[in-house]
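None of the figures in this text is laboratory data; all of them are computed from the coordinates on show. Not measured: the values here are computed from a predicted model. So basically every Cβ, Gly included, is an ideal-geometry build from the backbone, and we count neighbours across all protein chains shown.
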Amino acid sequence: MRPSAILHCSIGAVNADRQSFRFCPAVPPARVATGSRRRRGGAYNHGMHIVAIAWLYVTVLMALTESNVVAGILTLLFYGILPVALLLWLFGGPGRRRRAARKAAEATPAAAGDAADPPQ
């Protein structure tokens, strides 16, 4: 397949209200773009921790360049540790709720449909 055919289809897809490549006959089915990947329900977002570590690295370097120790500590605290802790706490909420719901489901007895029949 010619690269110009793929380029033509991608330009056509953008111009046609962002339709996918599936409607382009020049692109074989094996090379069709599938769109965004869906995360599985139990998947955890580890990328959030990478961003937090990178930001803490930046704020440590900012704190090291301050003129005195007090300014460095305050820079690290107010630009680094407190905002990162707040964001991790806010964005970690759904995971905490899932974990609490899973613990509650494990702690409760069997569902009403699974319970033994009452005596008659």
Q: Using R₀ = 41 Å, calculate the FRET efficiency as 1/(1 + (r/R₀)^6) where r is the Cβ-Cβ separation of Ala54 and Lys103; round to 0.05.
A: 0.80
Q) Between Thr65 and Leu77, what length comes free when the chain is fully extended (0.36 nm per residue of separation minus the Cα-Cα distance, one decimal in nm)? A) 2.9 nm
Q: Taking the Cα atoms of region 47-107, report the difference between the largest and smallest coordinate on each principal axis, in whole Å and largest first.
A: 55, 21, 13
Q. What's the local net charge at Ala104, with K and R +1, D and E -1, over the other residues with C-beta under 12 Å away?
A. +4
